1. Among the residues of the range 564-574, are any within 27 Å of GLN907 (Cα to Cα), open to solvent by 20 Å² or more (accessible area, probe 1.4 Å) and modelled with pLDDT of 90 or more?
2. Please list, ordered by first then second residue, the pairs with beta carbon atoms under 6 Å, 6 or more apart or interchain, first in the range 124-144 and touching a residue at least 60 places away in the same chain (Cβ under 8 Å) and within 30 Å of SER333 (Cβ to Cβ), second among the charged types (D, E, K, R) and assigned to a strand (DSSP E or B).
3. Residues in the range 534-563 that are part of a loop (DSSP other than H, G, I, E, B), open to solvent by less than 70 Å² (accessible area, probe 1.4 Å) and charged (D, E, K, R): how many?
4. Among the residues of the range 306-315, is any closer than 30 Å to ASP177 by Cα and open to solvent by less than 10 Å² (accessible area, probe 1.4 Å)?
5. Please identify the pairs in which a residue from the range 549-563 that is touching a residue at least 60 places away in the same chain (Cβ under 8 Å) has its Cβ atom under 7 Å from the Cβ atom of a residue that is surrounded by 23 or more Cβ atoms within 10 Å (Cβ to Cβ) and polar (S, T, N, Q), counting only partners at least 6 apart or on another chain.
6. Being under 26 Å from PHE295 (Cβ atoms) and open to solvent by less than 30 Å² (accessible area, probe 1.4 Å) is the filter here, so list the residues in the range 352-373 that pass it.
7. For the range 795-816, check the following and say yes or no: at least one residue is open to solvent by 30 Å² or more (accessible area, probe 1.4 Å), under 24 Å from ALA967 (Cα atoms) and without any contact (Cβ under 8 Å) to a residue 40 or more places away in the chain.
8. I'd like to know if the range 89-104 contains one or more residues that are out of contact with any strand residue (DSSP E or B) (no Cβ under 6 Å at 6 or more places or on another chain), over 30 Å from GLN482 (Cα atoms) and at pLDDT 80 or above.
Amino acid sequence: MSCPTDSLSCKACTSITEFTAHILCVSSSSSVVVFLGSWKGNSLSLSFSLRSFIKSMDSFEPDGNGEAVSLPPPPPIVPPDVVPVKAEEVLPAPAEPVKKTNTRLPIARRGLGSKGMKISLQTNHFKVNVNSDDGYFFHYSVAFSYEDGRPVEGKGVGRKIMDRVQETYESELDGKDFAYDGEKSLFTIGPLPRNKLEFEVVLEEVTSNRNNNGNCSPDNLGDNESDRKRTRFPYRAKTFKVEISFAAKIPMRAIANALRGQETENFQEAIRVLDIVLRQHAAKQGCLLVRQSFFHNDPNNFADVGGGVLGCRGFHSSFRTSQSGLSLNIDVSTTMIIQPGPVVDFLIANQNVRDPFQIDWAKAKRTLKNLRIKVNPSNQEYKINGLSELPCREQTFTLKNKGGRDGDDGAEEVTVYDYFVNKRNINLRYSAELPCLNVGKPKRPTYLPIELCELVSLQRYTKALSTLQRASLVEKSRQKPQERMKILSAALKTSNYGSEPMLRKCGISISTGFTEVEGRVLPAPRLRFGNGEEFNPRNGRWNLSNKKFVQPTKIERWAVVNFSARCDVRGLVRDLIRVGEMKGIAIDSPFDVFEENPQFRRAPPMVRVEKMFENIQSKLPGAPQFLLCLIPERKNCDIYGPWKKKNLAEYGIVNQCMCPNRVNDQFLTNVLLKINAKLGGLNSLLGVEHSPSLPIVSKAPTLILGMDVSHGSPGQSDIPSIAAVVSSRHWPLISKYRACVRTQSAKAEMIDNLFKQVSEKEDEGIMRELLLDFYVSSGKRKPDNIIIFRDGVSESQFNQVLNIELDQIIEACKFLDDKWNPKFLVIVAQKNHHTRFFQPGSPDNVPPGTVIDNKICHPRNYDFYLCAHAGMIGTSRPTHYHVLHDEIGFSPDELQELVHSLSYVYQRSTTAISVVAPICYAHLAATQLGQFMKFEDKSETSSSHGGLSAAGAVPVPQLPKLQENVANSMFFC
């Protein structure tokens with residue numbers, strides 16, 4: 001019999017263990033009639049006060065094992081002639097709305113693949129032996145303050161303070177080693193003596209915003225007694241208060257549990273502690289730390305990439321759980337640093353000028369802000385806070401001399417130049433006419449002649465690299481597989497992790513041998529070209545020299561636009577028509593060639609584009625089908641963005657930009673690949689796509705999505721992020737796509753416009769647009785299956801993809817048709833990782849099609865590595881695919897075949913690509929439409945991270961809507 005009272009929490013039902021009581025009715029006077037059932041053979045009922053009953057029940061509490069600690073006394077037996085009084089019914093309290101919780105989690109692995117030729121490989125994961133898992137990491141929070149109680153702000157000083165704490169208070173800490181993260185967290189193995197500890201330490205020279213050498217230079221010398229006192233000491237001491245408070249306890253067994261596939265909430269914290277130990281180990285060796293990468297101050301590791309910027313080679317290391325246990329992933333890593341040495345030399349290189357007198361000082365001021373310098377001859381370190389208003393010869397400060405007479409304090413106004421030349425006897429060769437560096441505070445400046453200042457090494461350069469810098473970095477940092485293996489082996493020996501006391505106390509030792517894994521090489525899919533010709537790619541490549549496009553287009557109404565590019569335009573057009581004919585594209589002669597008017601060549605880009613369009617409109621009889629645009633610079637031409645915006649958003653004209661340098665048949669073939677795809681043609685098809693016989697995808701209408709978000713350069717906190725989603729069309733094809741691109745809040749990684757309901761019947765989200773296009777282009781079929789490839793998210797964001805983005809997509813589907821229930825497959829593709837594979841004893845990269853789903857993959861989750869492309873330069877980087885959700889029911893072999901096939905449908909090239917085509921297209925679409933919005937680049941060279949403004953604080957500017965005839969095309973190709 002169940003309790004009929006749904007409105008109350010019936011403590012009798014849930015608490016009394018000797019017998020079962022059910023509340024039958026509740027009166028307004030709070031009396032209760034209870035049917036007690038049979039107890040010791042007697043039929044029992046009871047009337048008693050509800051209030052006293054609940055009060056008596058309040059004393060009932062289960063103990064830690066769930067057993068009753070105390071019970072109310074059993075009620076007295078009621079005579080059988082007592083008639084229960086029926087009470088009025090109490091209405092139930094209104095229920096609170098149930099909040100939706102995240103219900104989806106990444107799925108577990110569904111087995112291993114078996115197709116393909118087996119191959120033995122090595123990987124840069126080094127086995128970690130864990131000999132102890134019965135202890136605890138203790139987490140403590142750390143707070144620093146000055147003597148007067150002010151909190152200590154600024155980075156870098158924490159490690160020095162904690163080193164001094166360990167030196168000074170070793171006995172109070174029970175001689176324990178600790179891992180400190182450089183900010184507010186500290187970890188020990190086992191507890192400290194007390195939950196809260198307070199220490200006081202003294203540090204010399206922790207800040208460097210004063211000149212502590214001799215006369216204190218022009219820091220308003222001698223303006224008070226304390227300044228004069230400081231000059232007698234070579235260093236200035238500061239006292240810090242340190243408070244260490246217990247925060248949490250982390251069981252080491254969480255690591256062992258995770259290795260068995262039982263990942264607990266403590267696991268990430270336990271692994272984080274181990275990673276912090278490695279960071280601290282590197283910090284003690286004087287390395288620059290960038291997340292989980294370490295960079296030594298070794299000029300042998302520096303590569304000049306131009307502009308006063310160096311590529312600095314270092315090492316990434318992180319602990320990973322895998323099917324074969326815990327491993328340490330070590331890889332080569334590169335960060336960008338400021339060229340150390342004379343400040344003037346850096347500025348000359350950075351601004352690409354000949355001498356100091358051509359430097360743009362307004363730009364230099366932004367560039368130098370917050371960089372650290374050391375000053376000759378004292379070798380003192382300072383942080384640059386600005387530049388002087390006047391040149392060194394004219395900039396004055398008040399110098400107070402010691403022995404003033406008769407009330408005269410001896411103060412005099414001197415120039416910085418005179419002070420250093422006449423009073424410090426330092427020869428200045430070229431500083432007289434240049435600004436000084438200010439290393440003091442705005443209201444109390446300290447000026448130093450620029451030629452005495454040198455930039456300190458290992459200061460990060462956080463601005464985006466130019467195209468030339470990026471190309472130079474790639475050229476100088478590439479390493480062949482065997483060379484990379486030698487560097488990594490040497491790095492592991494140099495790191496000497498065996499000497500790290502915290503690791504030893506954890507019972508952790510690290511193997512020095514590369515982990516051996518078994519890979520499989522999947523066969524390349526067969527490709528179909530024009531005239532029914534089929535071909536098997538070799539080594540991930542194919543040649544189009546004697547082949548026609550499978551679906552060539554016809555170019556009839558078109559023209560050439562030349563923005564001052566130097567070339568033989570007529571000859572180029574003739575060759576383009578000839579090569580097009582070889583590929584099956586019929587190209588008519590262009591209507592005209594529009595040359596830019598020389599008087600506008602130096603005008604702003606928008607003006608140049610506007611004037612060109614005025615010229616085109618005055619001569620063309622109607623809108624052209626296609627425009628070929630010749631631009632003078634191959635990359636980052638400032639014409640590109642305004643030109644694309646004018647064509648796609650205002651006029652809806654398909655167009656192709658090209659820089660006509662080194663034009664040959666191969667170059668023109670590559671241009672025609674893009675033009676044909678943009679105009680609706682297809683260059684090649686998969687054989688299984690044409691049949692169609694692709695597992696699952698060919699059997700039921702299937703929509704394939706590629707999703708990516710593009711962010712502004714580092715430090716650009718005011719630039720909207722751009723979300724792009726591309727979708728397949730013309731099912732059963734998987735080679736044709738269209739894109740939808742929207743702006744969103746800066747640095748926001750989750751796409752927030754997938755579903756955007758603006759009224760009861762209107763949705764203006766991305767998905768509605770793409771779903772309707774699939775329906776129209778695929779013979780009025782709704783997709784039964786939707787496959788989502790998501791780029792650019794880390795493992796910590798997987799749950800957001802599953803419970804925010806997927807929810808929005810489902811809502812968009814339901815909004816179109818409430819009875820429509822497509823099945824979903826969600827896969828995240830990661831390129832930004834540090835796992836590499838090597839063929840033992842071979843100088844070559846792993847062959848294209850190599851897939852690995854064992855040993856170093858996750859112990860529970862469904863992931864695999866695929867190297868679909870042929871690595872021609874350096875060491876191949878595989879793509880790490882994570883299958884988060886699969887309602888469709890792919891087998892491991894079917895899924896790996898699909899992903900591999902999608903690396904061969906990229907219409908822009910004649911090679912297999914490293915990540916599936918939908919993701920590449922999403923990246924292209926976001927990048928191209930991002931060019932529509934030109935923003936001022938405020939982030940100059942900086943040694944610190946740019947501050948981020950609150951997301952959504954500023955209205956996000958929207959991208960202009962594309963014209964319909966180009967919106968449905970592969971304009972991004």
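1. yes
2. ASN124/ASP331
3. Matching residues across the range 534-563 total 1.
4. yes
5. So the pair list comes out as PHE549/ASN676; PHE549/ASN683; VAL550/ASN683; VAL550/SER684; PRO552/ASN676; THR553/ASN676.
6. Scanning the range 352-373 gives ALA364, THR367, LEU368, LEU371, ILE373.
7. There is at least one residue in the range 795-816 that is open to solvent by 30 Å² or more (accessible area, probe 1.4 Å), under 24 Å from ALA967 (Cα atoms) and without any contact (Cβ under 8 Å) to a residue 40 or more places away in the chain.
8. Yes, the range 89-104 has at least one match.
The values are calculated or read from the model by the stated rules, or taken from the named source; none is laboratory data. Just so it is clear, the structure is predicted and the values come from calculations on it, not from any experiment. Every residue, glycine as well, gets a Cβ built from its backbone with ideal geometry; the counts of neighbours run over all protein chains shown. SASA here: full protein model, heavy atoms, side chains in, ligands and nucleic acids out. Shrake-Rupley method; radii C 1.70, N 1.55, O 1.52, S 1.80 Å.
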